[in-house]
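All remarks here apply to the structure that follows.
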Amino acid sequence: MTIPELFSLQQQYFAASRTKDINIRKENLKTLKKALNDHRLDIYKAFKDDLNKSEFEVDASELSMCIMEIDYFLKHLKSLSKRKKVGTNLLNFPSKNHLYYEPYGVALVIAPWNYPLQLALVPAIGALAAGNTVILKPSEYAPKVAEVLSVISDYFEDGLFSVVTGGIKENQELLDLPFDYIFFTGSTNVGRIVMEKASHHLTPLTLELGGKSPCVVTATADLDIAAHRITWAKFLNAGQTCVAVDYVYVDKKVKDQLIKKIIAEIRKGYFDDDVLSKDFVHVVNEKQLNRLLGLIDQSKVVFGGKNDGLYLEPTVIDNVAFDDKIMQEEIFGPLLPIVEYDNFYDAVEIIRKMDRPLASYIFSSDKKEITYFEENVAAGSLGINDCIMMLTNHHLPFGGIGKAGFNSYHGKYSFRIFSHEKAVYEKGRIEVQTKYPPYTEKKLKMLHSITKIGKK
Ligand code: NAD
């Protein structure tokens, strides 16, 4: 079947109202859960091949996210989809008003390679829960996981949930179609292309993009905790995480201590004697590896810096300045630059001058510093004394700001972006006649009194 034919099939499926019923939507989500469980072993194998991801990391950062999201909707879908009564105002009194959650129609989900299962399925789960049909386009750079996603889509009726594999050509073909919603996760550059394409059909969209997420460590921080958590957040998935700590920005009084502790954490977590752990994720491909190697200034490396094929060691780079090459782009790999500052408030000013990141982090035990950081550093999300974990909490929206993207998802936020909130207004027989002609002086006075025109 060609891509336009598949799209038309999905349009027909949606038009037949087969996604309207909440119970059917729940059954669809259960089908997805079953497919994931049936193919668990294939999923582990695919991750090993594509990224050398261990079973533990697949469970912790991929499967669990999908299963928790499905379970959330199985529990909350009914209440989320209920018509929500809202009040009225004087102009419309008396009337009844409510919100009706209407699915958009056919949704396109374009996913990246770094968390190729959860970044494909978590948005798709939200779209299906909200009653859309979904065409999913996984990344060509995680081809084995894309194959499993394709097998999973076979569990669904034709036209409800489909997977299109392939590369940029297929993406472009998809983006030429008049989808009803587009959800894109990937780089800021491709995000621009997607938004431009969406504008041709005025398709609403969500962009989940990247950026350089800073991690500030102040002189008041608990350095053991900071080193432990930063090391995990940087080297999880070999740093190929959109909300990874991009760089550490640390008070120079505690910098040397922090670096020592981070190196100790790296040795403990990722090395057996001097051998890199067999569980360490590799860089996705040679192109990315060469890009990363080009960012390393060997004269500043204090730990790591070597690679064996696609396996790039966890690397710590000291004395980094903002005009160094590594600070000009999102790193997206296992390289941790350390930048020092003299004064916390000046450091915040410098961060504020940079592009607004997907996440920002602060390690501090001073309430004043934390509040100042919260109030002055704009970012998609903020982690205080921890990193990354906020995105596992479905009570919090997950999304970017500025060049890191817009709109948020997870849990009820996913339901919201994939549903149009239709405003429903119902008038009874009685009404005040003010708005109808002829326009008299008395009516004008009444209008002014209701709307407060001319009043302070
Ligand atoms: P990418 O932008 O290169 O690719 C993402 C998707 O876009 C892929 O499916 C790819 O096939 C497609 N694509 C690539 N070039 C295209 C083009 N010219 N036209 C149409 N489609 C095209 O991103 P990536 O390398 O897969 O992922 C890394 C980036 O994604 C990083 O910047 C990272 O920060 C970001 N990211 C963001 C989040 C988030 O939730 N905000 C999550 C993961 C990754």
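One table, with the values for the structure above:
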{"read-out": "Boolean, residue 17 is in a loop (DSSP other than H, G, I, E, B), out of contact with any strand residue (DSSP E or B) (no Cβ under 9 Å at 6 or more places or on another chain) and within 30 Å of residue 177 (Cα to Cα)", "value": "yes"}
{"read-out": "Selection count, segment 133-192, where residues are in contact with a Phe, Trp or Tyr (Cβ under 8 Å, 6 or more places away or on another chain), aliphatic (A, V, I, L, M) and in a loop (DSSP other than H, G, I, E, B)", "value": "3"}
{"read-out": "Qualifying residue in segment 102-120 (condition: assigned to a strand (DSSP E or B), within 30 Å of residue 16 (Cβ to Cβ) and of a type in the set (D, E, K, R))", "value": "yes"}
{"read-out": "Boolean, residue 213 is more than 24 Å from residue 353 (Cβ to Cβ) and small (Gly, Ala, Ser)", "value": "no"}
{"read-out": "Segment 411-456, subset assigned to a helix (DSSP H, G or I) and aromatic (Phe, Trp, Tyr), residue surrounded by the most Cβ atoms within 10 Å (Cβ to Cβ)", "value": "415"}
{"read-out": "Residues of segment 238-265 satisfying the condition of being closer than 28 Å to residue 380 by Cα and either loosely packed, with under 15 Cβ neighbours inside 10 Å or within 16 Å of the ligand (Cβ to nearest atom) (or both)", "value": "238, 239, 240, 241, 242, 243, 244, 245, 246, 247, 252"}
{"read-out": "Given (1) without any contact (Cβ under 8 Å) to a residue 24 or more places away in the chain; (2) of a type in the set (A, V, I, L, M, F, W, C); (3) not in a helix (DSSP H, G or I), index of the condition residue 60 fails", "value": "(3)"}
{"read-out": "Single residue of segment 35-90 satisfying the filter (in contact with a Pro (Cβ under 9 Å, 6 or more places away or on another chain) and open to solvent by 60 Å² or more (accessible area, probe 1.4 Å)) that is modelled with the lowest pLDDT", "value": "88"}
{"read-out": "Residue 213 being of a type in the set (Ser, Thr, Tyr) and open to solvent by less than 10 Å² (accessible area, probe 1.4 Å)", "value": "yes"}
{"read-out": "Output for segment 266-292, where each listed residue is of a type outside the set (Asp, Glu) and open to solvent by 60 Å² or more (accessible area, probe 1.4 Å)", "value": "267, 268, 275, 278, 287, 290, 291"}
{"read-out": "All positions within segment 361-410 that are within 15 Å of the ligand (Cβ to nearest atom) and assigned to a helix (DSSP H, G or I)", "value": "389, 390, 391, 392, 402, 403, 404"}
{"read-out": "Cβ pairs under 9 Å, 6+ apart, first in segment 411-427 and in contact (Cβ under 8 Å) with a residue 24 or more places away in the chain, second part of a helix (DSSP H, G or I) and surrounded by fewer than 16 Cβ atoms within 10 Å (Cβ to Cβ)", "value": "411/76; 412/76; 415/76; 425/92; 427/92"}
{"read-out": "Close pairs (7 angstrom Cβ cut-off, 6 or more residues apart or separate chains): outside the structural domain of residue 358 (by TED's automatic domain parsing) in segment 187-202, at pLDDT below 95 and surrounded by 17 or more Cβ atoms within 10 Å (Cβ to Cβ) anywhere", "value": "187/210; 188/210"}
{"read-out": "In segment 103-125, residue most open to solvent (accessible area, probe 1.4 Å) [restricted to those that are more than 13 Å from the ligand (Cβ to nearest atom) and within 24 Å of residue 176 (Cβ to Cβ)]", "value": "104"}
{"read-out": "Selection within segment 262-275 - on the phi < 0 side of the Ramachandran plot and either over 30 Å from the mean Cα position of the chain (by Cα) or free of Cβ contacts under 8 Å to residues at least 24 places away in the same chain (or both)", "value": "264, 267, 268, 271, 272, 274, 275"}
{"read-out": "Test: residue in segment 200-208 that is in a loop (DSSP other than H, G, I, E, B) and either open to solvent by less than 20 Å² (accessible area, probe 1.4 Å) or not hydrophobic (A, V, I, L, M, F, W, C) (or both)", "value": "yes"}
{"read-out": "Residue selected from segment 126-143 under the condition within 26 Å of residue 283 (Cα to Cα) and crowded, with 19+ Cβ neighbours inside 10 Å, by the criterion nearest to the ligand (Cβ to nearest atom)", "value": "139"}
{"read-out": "Search result, residues across segment 144-171 that are more than 11 Å from the ligand (Cβ to nearest atom), touching a helix residue (DSSP H, G or I) at 6+ places or on another chain (Cβ under 9 Å) and open to solvent by 10 Å² or more (accessible area, probe 1.4 Å)", "value": "144, 147, 148, 151, 153, 154, 155, 156, 157, 158, 162, 163"}
{"read-out": "Contacts under 8 angstrom Cβ, first residue in segment 15-28 being more than 14 Å from residue 101 (Cα to Cα) and without any contact (Cβ under 8 Å) to a residue 24 or more places away in the chain, partner aliphatic (A, V, I, L, M) and open to solvent by less than 80 Å² (accessible area, probe 1.4 Å), 6 or more apart", "value": "none"}
{"read-out": "Single condition residue 174 does not satisfy, out of (1) within 20 Å of the chain's Cα centre (by Cα); (2) open to solvent by less than 10 Å² (accessible area, probe 1.4 Å); (3) within 14 Å of the ligand (Cβ to nearest atom)", "value": "(1)"}
{"read-out": "Residue in segment 300-332 that is least open to solvent (accessible area, probe 1.4 Å), counting only those that are away from the ligand (no atom under 16 Å from the Cβ) and at positive phi", "value": "305"}
{"read-out": "Selection within segment 399-408 - under 30 Å from residue 365 (Cα atoms) and open to solvent by less than 10 Å² (accessible area, probe 1.4 Å)", "value": "399, 404"}
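The values are calculated or read from the model by the stated rules, or taken from the named source; none is laboratory data. Not measured: the values here are computed from a predicted model. Note: ideal-geometry Cβ built from the backbone for every residue, glycine included; neighbour counts use all protein chains shown. Note: areas computed on protein heavy atoms with side chains; ligands, DNA, RNA excluded. Shrake-Rupley method; radii C 1.70, N 1.55, O 1.52, S 1.80 Å.
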